Amino acid sequence: MTTITSNNTRPVTTSRASVARPTVFVVDDDISMRESLELLIQSAGWQPETFASAREFLAHPQTLIPSCLILDVTLPDVNGLDVQKRVAVDRPEMPIIFITGHGDIPTSVQAMKAGAIEFLTKPFNSDVLLDAVSGALERSRRALAYEAKMAALRQNYASLTPREREVMVLVTSGLLNKQVGGELGISEITVKAHRGKVMQKMKAESLPALVHMVASLGVSTPLTA
């Protein structure tokens, strides 16, 4: 039986599992390891989801809540490093913690270079794993928050008219209203009206905030939606 050593002093929660809680996915073909990790994850207050194979995990619907993946390097169907490549493309907000029964330095180096949070050799200390999971979930939380922010920003940008986009780019490039009007062949009053609409639609509280939004969007010339 595979074991996880522990001197864990974390409080155990008795609340029922909820899909709203951060989810820790586990992919390992060793049933005893899956069961041990499931209990450990539950005790920390997270929602465990365990899988015996990589294909089973990859077929699971993606989640929009903070999550991470505890992944065995050696699996019967798909190599853990290959799973990592798939996750990096399909679920970039999901950090990976590798576990293995064999201390393979080249493999660990490859996994860490590809973005793994941690690479642990069985048996491992439960506190070390829980700390890694905690950090991974926080990273996932930040990634999801950033993506939600960018999605809202892109939606706001899509609501702008072509003229409003032109005004936004020129205004945030440092031109005065009069100069923007000269560039576009419109009056300064019209520029002010468009500028007001841009600030409103982009939900920008100030010009510096709008400049930051434009930089985040990577907009240097007026774009179509």
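Here, each number is a calculation from the coordinates, and none is a lab measurement. It should be emphasised that the depicted structure is a prediction, and the values quoted were computed from it without experimental measurement. Neighbour counts run over all protein chains shown; Cβ positions are idealised from the backbone, glycine included.
So the values come out like this:
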read-out	value
Sparse-neighbour loop sites [GluC sites (Glu not before Pro); the range 137-225; at most 12 other C-beta within 10 Å; DSSP]	205
Under Karplus coefficients 6.51, -1.76 and 1.60, residue-wise ³J(HN,Hα) of the range 211-219 in Hz, glycine/proline x	4, 5, 5, 4, 5, 5, 6, x, 8
Convex hull volume per residue in cubic angstrom - Cα atoms of the chain	156 Å³
Calculated [θ] (222 nm, deg cm²/dmol) that DSSP helices of n ≥ 4 give over the chain, each run adding -39,500 (n - 2.57)	-16000 deg cm²/dmol
Euclidean distance between Cα centres, the range 52-88 to the range 194-219, Å	39 Å
Under 22 Å from the Cα of residue 85 - lysines, other chains or at least 8 residues apart	113
Ranked 102, 212, 194, criterion: other C-beta atoms within 10 Å, fewest first	102, 212, 194
Proximal lysines to residue 178, defined as alpha-carbon separation beneath 23 angstrom and excluding residues fewer than eight positions away on the same chain	192, 197, 201
Order of 105, 65, 117 under a 10 Å beta carbon neighbour criterion, fewest first	105, 65, 117
